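Computed from the coordinates by the stated procedures, all read-outs in this text should not be read as laboratory data. Please read all numbers here as calculations on a predicted model, not as lab measurements. Don't worry about glycine lacking a Cβ; one is built from the backbone with ideal geometry, like all the others, and counts go over all protein chains shown.
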Amino acid sequence: MAEIQEIKDSGDVFTTLTPAYDIQRAATPDRVKESGYYGLPILKRPFWKWEIAMYFFFEGISAGSYVLCTVAGLRDRMQFDESIRRGRYLSFVSMLFCPPLLIADLGRPERFHHMLRIFKKTSPMNHGAWALTGYGIFASTLAVLAWPAKALPSTILRVLLRAFQWIMPERLLSVLGMPFALTMISYPGVLLSTTANPVWSHTNFLGPLFASSSLSNGAAALALINYGSKDHALHSALTRFEDLSSAGELTSLALYVGTAGEATKPLFKGKQSTLFMVGAFGIGLIVPAILRRSRSRILRHGVAPLLTLLGGVALKWSITYAGQESAPDAGLASKNAPSKTGEPFWGPAQPATSYPPPR
Amino acid sequence: MSTNHVSVNLVQILSDLQDTWIRPQPPEPEEETGFFTDTTVCIGCKACEVACKQWNQLPADGFNWTGNSYDNTVALSDTTWRHVAFVEQFDSESHLGRWLMMSDVCKHCQHAPCVEVCPTGALIYNEFGNVYVQQDVCNGCANCVVGCPFGVISRNKADGRAHKCTLCYDRQKDGLVPACAKSCPTESIKFGKVSELREHAKKRVEELHARGETDAYLYGAEASGEYSALNSFFLLKDNAAVYNLPERPRRAAAHLKRNYLFSFAASIALTAASVLLFKGDNHG
């Protein structure tokens, strides 16, 4: 397998033009004997990097906390009133990070609205663009509805805000926003899975993994911003939800590694391995699960959720970047689609070792 | 800037914005066209590479010497739409060598993953059934780059958009043969109607088999596994990976439903569970 070094040389104009230049430079005489075509990659490396990893993180917090606040609001509006208010601000503020990150990632940022030209059944990114648009409207409106009118500086604004809050049915709106929020939670893993990149695609469980991580991050962020609150019902609900979502995350993780098998190699070996094993698994899942059982309030409602959030970044970052190392693996890229027989779709399974002499 | 200028600019911006959603009537569909690349007659002259670069005004890729074969182009990319692979093989028993040469190109898949994942609709099948990037629509999201199982399409670092073989759409519109096929001195690259090319290719394989070249086969002439047929398909003589083609290309959209099902099941189950957890003091 060819190791592809990224080349950024301002003195060489060609490195500023095509991303395939790195692949060209990886073709060297000492690779003559390597398997496949001189050990060169079949696939191109993904362009999705830190912007996308951080987007997955922020949208997870935002949509995750939105869902939990909506559920809490439907169960007992009075009890959780103050926590829901803070939760709505949290969903709104973390949602604000999303569009800039996505737009910055584009090759042509000024054309970001082209995502909304069409609705496309087969494109998860298109679904995501629509979901974020819809979700953004609901998250913003609910943040405005949660804002205390008396905090506004002028009388006219106060009256206008009160009238708006009186007209808008808050609970109905929060429920109407749920399909968008649940799509925001569910689609990122699917976006990565429906590609040709082996570490992302050789599984059906990246979606559940990202979804449970997002919900767990939402709960952790809610616990943190309500740290000072004396609302025991909220804290106990969030702690128990953390246990559930972590169990979901662990199960998805096991199923992911189990089904993708060899393709998950970049997560256990190479640049992302420490971040994945220590960060996402150890610090993000195991340590908080222990701390949640501690008697200390700081450890239970402060440190544990903080570590869960760090684990969320580590998980999404390491899996996004694992795509960089998985793409050049020509062996996996060649046997990319599942097959019961293991036979190639076309042609012989093995390279020819001998060939008849010409007649 | 005067108020007049501002209003003119605003009108310009608004009309540009409106253009995004206006879709003119597409041309009437015609019979599908494609390439049949017969690698047994390829002599590795790279005339196709040169003709492609010239006609499509593609920039150079640098002065690169691989030292592992006559192939210094190495891979298809945003700026290289035809690439000739050179495979040198030696039989240790007979001490004979053979040389496999293949002019690689975009496969113009009948169900193309790049088209399926493209969120803007920039990637389309044009009236000739060719996979085509509409450069005025593409916003460089790079989803097609990870979608393509052949590593064909890539995003240009300088202009930020995805580029690949257009199957010389501009030449086809004027009734001309694509530049690579036109320049090919041995007719290794054949351009034409896909239905006719498939007939021709089958006959060619039979002919080769009759001559004792029993390893000849068609790569992509028909759908197989989860993958569709390719409108630009190949006659090969060895395992696909030898030519840097995937043995089993992955079609992303074939896995979409199941992925969504599992993902939504997880998020809805956790949400439903949270309903049981959030209960106020007055619920006991």
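Things worth noting here:
- Anchor B:Lys164: aspartates and glutamates whose Cα lies under 19 Å away (excluding residues fewer than 8 positions away in-chain): A:Asp22, B:Glu32, B:Glu49, B:Asp61, B:Asp78, B:Asp104, B:Glu116, B:Glu127, B:Asp136
- Bridgeable lysines around A:Lys121 (alpha carbons under 16 Å apart, same-chain partners fewer than 8 residues away excluded): B:Lys257.
- Quotient of C-alpha Rg and 2.2 N^0.38 Å, computed over chain A: 1.17
- Of A:Leu161, A:Leu101, A:Leu250, the one that fluctuates the most in a GNM where chain A has Cα springs shorter than 10 Å: A:Leu161
- All aspartates and glutamates inside 15 Å of A:Lys340 as judged from Cα atoms, apart from same-chain residues fewer than 8 positions distant: B:Glu226, B:Glu247
- Computed [θ] at 222 nm, deg cm²/dmol, chain B (DSSP H ≥ 4; -39,500 (n - 2.57); rounded to nearest 500): -9000 deg cm²/dmol
- With both labels modelled 7 Å from their Cα along Cα-to-Cβ, the B:Glu30 to B:Asp215 distance reads 3.9 nm.
- Helix-only mean residue ellipticity at 222 nm for chain A, each DSSP H run of n ≥ 4 adding -39500 (n - 2.57), per residue, nearest 500: -18500 deg cm²/dmol
- Karplus-derived 3J(HN,Hα) values for segment B:95-105, using 6.51 cos²θ - 1.76 cosθ + 1.60 with θ = phi - 60°, are 6, 10, x, 9, 10, 9, 10, 9, 8, 8, 7 Hz; glycine and proline are entered as x.
- A:Leu96 versus B:Ala273: modelled label distance in nm, points set 7 Å from Cα along the beta carbon direction: 3.3
- Vicinal HN-Hα couplings computed from phi for segment B:25-37 (Karplus, 6.51 cos²θ - 1.76 cosθ + 1.60; Hz; Gly/Pro x): 4, x, x, 4, x, 10, 5, 5, 10, x, 10, 10, 9
- Full-extension gain in nm, B:Ala158 to B:Ser94, via 0.36 nm per residue minus C-alpha separation: 18.1 nm
- Where chymotrypsin sites (Phe, Trp or Tyr not before Pro) in DSSP loops with at most 16 other Cβ within 10 Å are excluded, longest remaining stretch of chain A: A:228-359
- Label point distance in nm, A:Arg77-B:Glu199, each placed 7 Å from Cα along Cα→Cβ: 7.3
- For B:Cys109, distant residues with modelled amide H under 5 Å away: B:Asn231
- Under a 5 Å amide H cut-off, with hydrogens placed 1.01 Å from N, B:Lys190 pairs with B:Phe36, B:Thr37, B:Asp38 among residues at least 5 apart or on other chains.
- When both bridge partners sit in chain B, DSSP labels roughly 85% of those beta bridges antiparallel.
- Along chain B, longest interval not containing exposed chymotrypsin sites (Phe, Trp or Tyr not before Pro), exposed being DSSP loop plus at most 15 other Cβ atoms within 10 Å: B:71-284
- Relative contact order, percent, chain A [alpha-carbon distance under 8 Å, six or more residues apart]: 22
- Net charge dipole size for the protein assembly as shown [Lys, Arg +1 and Asp, Glu -1 on Cβ; Debye, nearest 20]: 2240
- Qualifying trypsin sites (Lys or Arg not before Pro) in segment A:269-332, DSSP loop, other Cβ atoms within 10 Å at most 13: A:Lys269, A:Lys271, A:Arg293, A:Arg295
- Based on C-alpha pairs under 8 angstrom that are at least 6 apart in sequence, segment B:30-257 has a relative contact order of 27 percent.
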